[in-house]
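**Student:** For reference, the structure I am asking about is given below.
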Amino acid sequence: MTSSVRKPFKIVGAGVSLPDKVLTNADLEKMVNTSDEWIVERTGIRERRIVESDVATSDLAAGALAQACGDAGLSVRDLDTIIVATSTPDTVFPSTACWTQRKLGIKGAAAFDVSAGCTGWMYALELGVALLMAGTSRRVGVCGAEVMSRVIDWTDRSTCVLFGDGAGATIIEKGDGSTGILASNWGADGNLAPILYQPAGGTQKPATAETVAAREHAVYMEGNAVFRHAVRAMSRAASLALDDAGLGPDAVDLLIPHQANIRIMEATRQRCGVSSDRLFGIVDRYGNMSAASVPVALHHARRDGRLADGSALAVTAFGTGLTWAGSVIRM
Ligand code: UT7
């Protein structure tokens with residue numbers, strides 16, 4: 001190995017919870033003025049999963065955490081900390097992590113949410129690793145979970161084709177020090193908050209009959225501006241992490257960028273200089289699941305044998321805020 005682990009942790013299990021119901025581009029053609037051709041060409045998305053009406057974000061988070069604990073040979077009772085990254089919480093308070101704990105039928109573990117949009121799971125991982133290093137926690141469930149379908153204006157073709165529902169969870173422990181974060185960085189620019197947000201429902205603009213009628217509880221997004229910032233932020237964060245880790249792009253075994261749009265992912269890969277066979281994508285199958293995208297992709301990569309012990313994994317994300325993060329992880 002050419003570089004040393006600076007923040008030790010080991011992924012001991014991973015899991016997902018993905019709704020059964022598939023919404024295809026052909027289904028969307030019947031709902032808004034769009035086409036399969038436009039969606040595939042501009043985004044790379046072919047289908048996404050959508051929850052049934054009685055499912056909340058915590059149901060998906062509980063499913064993903066239970067599967068991840070099973071993968072690790074553990075019980076959910078063995079977790080001492082639960083972090084749920086989400087922008088689509090069950091309720092404003094308490095946290096989705098607390099609702100998740102209730103649904104898992106456990107108590108005692110510390111439970112809280114992280115709000116960093118699509119960067120949420122990466123922010124949560126950074127926090128989880130810090131808790132392990134500080135000795136505050138011994139085993140952390142780091143989950144990204146979203147029910148985006150509840151905050152979408154299904155009459156707005158510029159946003160409704162992009163998102164999907166799902167959850168991904170990762171169980172982390174300190175490990176023996178041979179695995180973990182080689183280098184990482186994170187950041188935000190709150191000045192860009194107005195280009196991607198949910199206008200109503202918080203203290204800025206509480207819910208009223210008027211806000212509901214004006215569809216202000218749905219995602220507002222300036223797509224072109226978000227696209228430009230996304231490519232810049234993700235490629236910069238990943239390249240910085242690689243430089244800090246002392247690794248060139250050829251040393252990256254797999255690049256997992258946030259799964260928003262295949263064009264954003266591809267532009268990020270090119271700017272980082274990573275070869276195309278090392279870009280991992282699931283956006284065609286699931287759309288943009290916000291904070292769930294990276295952990296769901298990570299689960300698929302592990303399951304598909306794309307990550308072995310000792311692999312160098314580059315992960316990068318951006319999201320509402322705008323927030324961003326980049327990490328190089330020795331698996
Ligand atoms: O996780 C963070 C969340 N957000 C993102 O990552 C989104 C970042 N942005 C994007 O991915 C892209 O900007 C979009 C996919 C949202 C849009 O792609 P674009 O290539 O930037 O298209 P555009 O917004 O410039 O729109 C081009 C045309 C417009 O028509 P005119 O004005 O040229 O006649 C749109 O009205 O495409 C039209 N359009 C559509 N046409 C068919 C927009 N949405 C659709 C649609 N179907 N669904």
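The values are calculated or read from the model by the stated rules, or taken from the named source; none is laboratory data. Everything numeric in this text was worked out from a predicted model, so none of it was measured. All Cβ positions, even for glycine, are placed from backbone atoms using ideal geometry, and neighbour counts span all protein chains on display. Please note that ligands, DNA and RNA were not included when accessible areas were found on the heavy atoms of the full protein model with its side chains. Shrake-Rupley method; radii C 1.70, N 1.55, O 1.52, S 1.80 Å.
**Student:** When residues of segment 248-266 are filtered for being under 17 Å from Phe280 (Cβ atoms) and either within 16 Å of the ligand (Cβ to nearest atom) or assigned to a loop (DSSP other than H, G, I, E, B) (or both), how many remain?
**Tutor:** 13
**Student:** Among the numbered criteria (1) within 24 Å of Met122 (Cα to Cα); (2) in contact with an Asp or Glu (Cβ under 8 Å, 6 or more places away or on another chain), which one does Val32 miss?
**Tutor:** (1)
**Student:** Strands (runs of 3 or more DSSP E) wholly in segment 1-120 with at least 3 residues that are within 23 Å of Val147 (Cα to Cα) and of a type outside the set (Val, Ile, Thr) - which ones?
**Tutor:** 10-17, 47-49, 110-114
**Student:** Being open to solvent by less than 10 Å² (accessible area, probe 1.4 Å) and modelled with pLDDT of 95 or more is true for just one of Ile50, Ile39. Which residue is that?
**Tutor:** Ile39
**Student:** Quick one: which of Ser158, Ser115, Ser149 is of a type in the set (S, T, N, Q), closer than 21 Å to Trp324 by Cβ and within 16 Å of the ligand (Cβ to nearest atom)?
**Tutor:** The unique qualifying residue is Ser115.
**Student:** Now for a separate question. Look through Ala325, Ala312, Ala308, Ala301 and report the one residue that is in contact (Cβ under 8 Å) with a residue 12 or more places away in the chain, of a type in the set (A, V, I, L, M) and within 16 Å of the ligand (Cβ to nearest atom). Even if it seems obvious, please write down each step before you answer.
**Tutor:** Details: Ala312 fails: within 16 Å of the ligand (Cβ to nearest atom); Ala308 fails: within 16 Å of the ligand (Cβ to nearest atom); Ala301 fails: within 16 Å of the ligand (Cβ to nearest atom).
That would be Ala325, the only listed residue that is in contact (Cβ under 8 Å) with a residue 12 or more places away in the chain, of a type in the set (A, V, I, L, M) and within 16 Å of the ligand (Cβ to nearest atom).
**Student:** Can I ask one more? Restricting attention to segment 130-170, report how many residues are open to solvent by 10 Å² or more (accessible area, probe 1.4 Å) and in a helix (DSSP H, G or I).
**Tutor:** 10
**Student:** Cβ-Cβ distance below 7 Å, separation of 6 or more or different chains: which pairs start in segment 79-108 with a residue that is without any contact (Cβ under 8 Å) to a residue 12 or more places away in the chain and end on one that is in a helix (DSSP H, G or I)?
**Tutor:** Lys107/Gln101
**Student:** Would you be able to say whether some residue in segment 301-314 is within 10 Å of Thr119 (Cα to Cα), surrounded by 24 or more Cβ atoms within 10 Å (Cβ to Cβ) and not assigned by TED's automatic domain parsing to the domain that holds Ser58?
**Tutor:** Among the residues of segment 301-314, not one is within 10 Å of Thr119 (Cα to Cα), surrounded by 24 or more Cβ atoms within 10 Å (Cβ to Cβ) and not assigned by TED's automatic domain parsing to the domain that holds Ser58, which makes the answer no.
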